[in-house]
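Take a look at the structure below.
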Amino acid sequence: MRRKLFVGNWKMNGSLVANGVLLKGVRAGAQEARGELAVCVPACYLAQCSQILSMSGIALGAQDVSSHTVGAYTGEVSARMLQDFGCRYVIIGHSERREYHGETDEEVAQKAQRALAAGLTPIICVGETLAEREASLTWDVINRQIKALLSLLEPAEVEGLVVAYEPVWAVGTGKNATPEIAQEVHVAIRALLAQKSAEAGKRVRILYGGSMRPENALDLLQMPDIDGGLIGGASLKADDFLAIAKAVL
Ligand code: PGA
């Protein structure tokens, strides 16, 4: 049985004051969550958030990591640094990074390797754009994105991943994938993972992301292969984030 995981992706939102208020709210209701909670915060707030979350059972994560280990890479943050601040998770290959920062499948795989080597759990985002879905390219895109990972990682490393299916057309648009669409893609992702390691096929949690809200969470989470959510907008309100995490029957 895979334990559900609810990850807040704050993106480039927050301030010292706002983070304190938000995390206090999340902490207050965390006991009732039907799974594990995590927040992925901007890198500059890791120290603050790590302190607020200590002993809370809520995991801390980052939103990106360097594909390099250490050295002359101005502006980059290494996996070891994230680990130093108590991060358990790091989001890698979010569609906003792929689109606005030109991240390739190969870089995503390298970043995953760095994160795993530092003891972090990568949350690998995959998903098709609207144009790709309309051109019936969803499978090709998912296949390409997952295969790039599988070609670099060892079977035991694949077992240590979390994958998030985030159809790009659903991210931040208020238009979520139907539970059936999401379930179909999650099954396909699981089958690809299982080709590399049967254990990974069983164990890896596959989250859904893209306009997940308290109103649609239960329907999505009832699907057998949806193991939680990667939540953007709704994770900025403690009540909404918690309502999603409590939406499991
Ligand atoms: P959203 O973002 O919930 O605001 O659609 C999800 C994400 O980008 O991870």
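The values are calculated or read from the model by the stated rules, or taken from the named source; none is laboratory data. Here the structure is a predicted model, which means the values were calculated and not measured. Methodologically, a virtual Cβ is constructed for each residue, glycine included, from the backbone with ideal geometry; neighbour enumeration extends over all protein chains shown. Just the protein is used for accessible areas: all its heavy atoms, side chains included, with ligands, DNA and RNA removed. Shrake-Rupley method; radii C 1.70, N 1.55, O 1.52, S 1.80 Å.
Take the residue pairs Lys4/Lys111; Lys175/Lys196; Lys24/Lys111; Lys147/Lys246 and return only those whose Cα atoms are more than 29 Å apart.
Values: Lys4/Lys111 24 Å; Lys175/Lys196 33 Å; Lys24/Lys111 31 Å; Lys147/Lys246 33 Å.
Flagged as over cut-off: Lys175/Lys196; Lys24/Lys111; Lys147/Lys246.
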Exercise for the section: Specify whether the C-alpha gyration tensor of segment 1-159 places it in the rounded, prolate or oblate class, a ≥ b ≥ c being the square roots of the eigenvalues: rounded for a/c under 1.5, otherwise prolate if a/b is larger than b/c and oblate if not. Expected result: prolate
Exercise for the section: Provide the solvent-accessible area of Arg2, counting protein heavy atoms only and rolling a 1.4 Å probe, rounded to the nearest 10 Å². Expected result: 60 Å²
Problem - Percent carbon-and-sulfur accessible area, segment 26-179, ignoring ligands, DNA and RNA, probe 1.4 Å - result: 50 percent
Exercise for the section: Could you please state, rounded to a whole Å, how far the C-alpha centre of segment 74-126 is from the C-alpha centre of segment 6-72? Expected result: 15 Å
Problem - Rounded accessible area per residue of segment 5-245, 1.4 Å, Å² - result: 43 Å²
Fill in the blank from the handout: Over the chain, the sum of -39500 (n - 2.57) across DSSP H runs of at least four, divided by residue number and rounded to 500 deg cm²/dmol, gives at 222 nm -13000 deg cm²/dmol
Handout entry: Mean separation of Cα contacts under 8 Å, 6 or more apart, over the residue count of the chain: relative contact order %
Key = 21 percent
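Taking the Cα centre of the chain as the origin, how large is its charge dipole in debye, to the nearest 20, when only Lys and Arg (+1) and Asp and Glu (-1) carry charge on their Cβ atoms?
It works out to roughly 680 debye.
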